[in-house]
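Coordinate-derived values only; no laboratory data. Here the structure is a predicted model, which is why all the values come from computation and not from measurement. Because the Cβ atoms are built from the backbone with ideal geometry, glycine has one as well, and the counts that use them run over all protein chains shown.
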DNA sequence: CATTTCACCTGGTGGC
DNA sequence: TGCCACCAGGTGAAAT
């Protein structure tokens, strides 16, 4: 299940491969709920646009796209012109993946926003690669490759924003990697819900899911059932730091491949080998040998050590 | 209004 | 061996 480290890994992988490439043709499957808004349903909205950058916001992958209708063919060193200069944006030399970006004037850029849900994958493949079952989107690229969205369980969602019509996408909650100690304390202080439920709430903190909630609570020694309002300021700060360490370590290891998660190149992550409690119910705690307990909290399987976590 | 519960999905698992 | 009920969980709508 893609959480912050998995989404970050995929976004980086897609950016590395596709920055400077161009979408020539977009083909969507026929599952209406895949699209969050009517504009996301329009394949034409993506066609002709250059991929300027790809990044993560919360659990969302945001592809920054240039204006459509740019010169389709270019060669190294040639500069491309934009017809409508009003705001400044970075623009790629299209058709040359990895090319240095230059400053361009652009008022009609857009964002393609991908949420992977439970089982979604974004894959960069050769155009001739076999099409996996449950492939809902195929973007043909100027480089001859394809960006594919595959999602068996269909919890993933796609959105599209024309930045000349609407504001850029932003996460509802704070990012765990950049939130300050004061902000973090402010978010959780005086809330009457369990810390586990709060960590999973994307409107409070964006990016933490079931795995990293359980793992960070174990590392900081706090029981998932504790109420936010009962946590001391010191405990909250320790939790913020534990989250930071766990998430950054997981990013370094390419995320957790617990079900079928792979990155944009099809590679598995390795952080599942570092899991202390997640899906280890009944097995001995790695620190004290007490059997790890599994309960259901906030409707989710929740794992903790009854001795190490208070 | 804040918080909790539930439906949406399908592949994998375990029981008989 | 085969079949089927059941579970996983991110999100948002519905319920409390």
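By how many degrees, between 0 and 90 and to the nearest 10, does the Cα long axis of helix A:210-220 differ from the longest principal axis of chain A?
Approximately 50 degrees, to the nearest ten.
May I ask you to compute the full-extension gain from residue A:43 to residue A:298, defined as 0.36 nm times their residue separation minus their alpha-carbon distance, rounded to one decimal in nm?
Numbers: separation 255, 0.36 × 255 = 91.80 nm, distance 3.73 nm.
Here the answer is 88.1 nm.
Take every Cα-Cα distance within chain A, group them into 20 Å bins from 0 onward, and report for each bin the whole-number percent of pairs it holds.
With a bin width of 20 Å, the distribution comes to 32, 51, 17, 0.
Please determine, in degrees from 0 to 90 and to the nearest 10, the orientation of helix A:4-18 with respect to the longest principal axis defined by the Cα atoms of chain A, where the helix direction is its Cα long axis.
20
Label-point separation (nm) for residue A:164 and residue A:36, each offset 7 Å from Cα along Cα-to-Cβ?
In this crude spin-label approximation the distance works out to 2.3 nm.
Hey, got the Cα dimensions of segment A:181-304 along the principal axes, in Å, largest first?
Computed over segment A:181-304, the largest-to-smallest principal extents equal 42, 33, 25 Å.
What is the fewest-to-most order of A:162, A:151 by other Cβ atoms lying within 10 Å of their Cβ? Each step should come with its number before you reach the end.
Values: A:162 14, A:151 25.
Listing A:162, A:151 from fewest to most nearby Cβ atoms yields A:162, A:151.
Please find, in a Gaussian network model of chain A (springs between Cα atoms separated by less than 10 Å), the residue of A:213, A:172, A:234 whose mean-square fluctuation is greatest.
A:234
Multiplying the sequence separation of residue A:127 and residue A:225 by 0.36 nm and subtracting their Cα-Cα distance, what value in nm do you get? Could you put the intermediate results ahead of the total?
Values: separation 98, 0.36 × 98 = 35.28 nm, distance 4.87 nm.
Stretched out fully, the residue A:127 to residue A:225 stretch lengthens by 30.4 nm.
On a 0 to 90 degree scale, rounded to 10, what angle separates helix A:233-252 from the longest Cα axis of chain A?
Taking the Cα atoms of chain A, the angle to A:233-252 is about 50 degrees.
Using Cβ counts within 10 Å as a stand-in for footprinting exposure, how do A:51, A:187 rank, fewest first? Intermediate values should be presented prior to the final figure.
On the way: A:51 27, A:187 19.
In increasing order of surrounding Cβ atoms, one gets A:187, A:51.
Ranking A:3, A:25 by Cβ neighbours within 10 Å, fewest first, what do you get?
On the way: A:3 23, A:25 14.
Ordered from fewest to most neighbouring Cβ atoms within 10 Å, A:3, A:25 come out as A:25, A:3.
Can you give the helix-only mean residue ellipticity at 222 nm for chain A, where every DSSP H stretch with n ≥ 4 adds -39500 (n - 2.57) and the sum goes over all residues, rounded to the nearest 500 deg cm²/dmol?
Calculated mean residue ellipticity at 222 nm is -6000 deg cm²/dmol.
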